[in-house]
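Below: the structure, in structure tokens.
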Amino acid sequence: MRDRLFSLIDTLESQHALPLEEYAFLAGNPTDEAMKYAAEKACRIRKEIYGNSVYVRGLIEFTNICKNDCLYCGIRRSNHHCSRYRLTRKDILSCCEAGYQLGFRTFVLQGGEDRYWTDEVLIPLLQNIKERYPDCAITLSIGERSKESYQKLFDAGAERYLLRHETTDAAHYEKLHPKDLSLSNRMHCLWNLKGIGYQTGCGFMVGSPFQTPETLAMDLKFIEEFSPDMCGIGPFIPHKETPFKNQKAGSLKETLWLLSLIRLIVPHVLLPATTALSTIHPQGREMGILAGANVVMPNLSPVSVRKNYELYNNKSCTDEESAECLNSLKKRIKAIGYQVATDRGDVNRD
Ligand code: SAM
């Protein structure tokens, strides 16, 4: 088994592709030795493209109102215990100003699928942010919309879009989502975003209910074929007000393993060490970077609403997660041999 694992990692490093069954074998066998081997290669390959830089993005969770009812998510429509909020345009602009002063050059506007944010409402906001901060990139993460809407938001100044595909297996997708959401529409959205010219990010939760090495293999194959600019993966963590409240959380080990494999599949990918990862382990961010990640997304949302954007229980909202503590984050990243880069940090496909 050891030889097969090592040889598959070598092939991934040189060819960035594997057959589905080999991905399933890798996904199901994260041995300590293989993880170390893959992480070393992942870090080497990332260093060739991005040096020692770790990019920071200021995350603005601007609404937790959502029309969807995803079974895993704490802000799902049916959670009546969730205290709902929606930031105003003024609030969002103040978050950007605070972030800009702290040195952020990317703002990630993330939220539930809140019907209030039509194109007509979002466009002037995006234009306003671009006028004030022409040297900054805007990333949107607001779910599924029409191609026309994505195009209008792109024309208004959004350049990047994060839309996790969640799983590439249609039967698995159905077990995680209500009937009105489909894998085919999710994929359609992702290809539309890419076609329009967004730097596009897909991704999934590690250890989501009903995930298997075979569904993970399909995810890795999709990532190989889609070649995303960004890829967000983090452990699934149950939320007590969802149907998945008694399900097991995803593991640190499996998440780190998949981060390394994804880096080997798509060398140029911008790969975050997510908040969910630091929620399950206090050194999660550092461990993620040492496995091949190169992005961190501190929270720029107003302190008063941070607890309410509760996708899962015990979400890490410590000082270390917040944008105000950029200096301490810088120190921690330096301590593991990397440095925080505060430029826009675009994808490098050269
Ligand atoms: N509404 C947008 C969308 O659907 O893309 C963006 C917000 S959504 C809450 C962001 C991501 O949070 C989802 O893509 C999902 O992978 C992740 N998420 C939701 N519930 C989670 C949980 N219980 N554990 C870990 N991650 C979760």
K253 within 16 Å of the ligand (Cβ to nearest atom), surrounded by fewer than 24 Cβ atoms within 10 Å (Cβ to Cβ) and over 18 Å from G58 (Cβ atoms):
no
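Can you find even one residue in the stretch 133-144 that is more than 21 Å from the chain's Cα centre (by Cα), more than 17 Å from N185 (Cβ to Cβ) and surrounded by fewer than 13 Cβ atoms within 10 Å (Cβ to Cβ)? Break it down into steps so the answer makes sense when it comes.
Taking the stretch 133-144 as the starting set, the residues that turn out to be more than 21 Å from the chain's Cα centre (by Cα) are 133-135.
Cutting the leftovers down to more than 17 Å from N185 (Cβ to Cβ) gives us 133-135.
Still in the running and surrounded by fewer than 13 Cβ atoms within 10 Å (Cβ to Cβ): 134-135.
The answer is yes, given that some residue of the stretch 133-144 is more than 21 Å from the chain's Cα centre (by Cα), more than 17 Å from N185 (Cβ to Cβ) and surrounded by fewer than 13 Cβ atoms within 10 Å (Cβ to Cβ).
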Being surrounded by fewer than 24 Cβ atoms within 10 Å (Cβ to Cβ), more than 19 Å from Y72 (Cβ to Cβ) and not aliphatic (A, V, I, L, M) is the filter here, so list the residues in the stretch 199-221 that pass it.
Q199, P213, E214, K221
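Return a yes/no flag: does the stretch 215-225 have any residue that is under 30 Å from R344 (Cβ atoms), at pLDDT 95 or above and within 14 Å of the ligand (Cβ to nearest atom). Reasoning before the result, please.
Kept after step one, since they are under 30 Å from R344 (Cβ atoms), are these residues of the stretch 215-225: 219-220, 222-225.
If we keep only those that are at pLDDT 95 or above as well, we get 219-220, 222-225.
From the residues that got through so far, the ones that are within 14 Å of the ligand (Cβ to nearest atom) too are 219.
Yes.
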Among (1) closer than 24 Å to I289 by Cα; (2) touching a residue at least 40 places away in the same chain (Cβ under 8 Å); (3) within 15 Å of the ligand (Cβ to nearest atom), where does D229 come up short?
(3)
Out of the residues in the stretch 174-188 meeting the condition of being over 25 Å from S260 (Cβ atoms) and either assigned to a loop (DSSP other than H, G, I, E, B) or touching a Leu at 6+ places or on another chain (Cβ under 6 Å) (or both), tell me which one is farthest from the ligand (Cβ to nearest atom).
K179
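The values are calculated or read from the model by the stated rules, or taken from the named source; none is laboratory data. This structure is a prediction, so every number in the text was calculated from the model and none was measured. Positions of Cβ are backbone-derived with ideal geometry, glycine not excepted, and every protein chain shown enters the neighbour counts.
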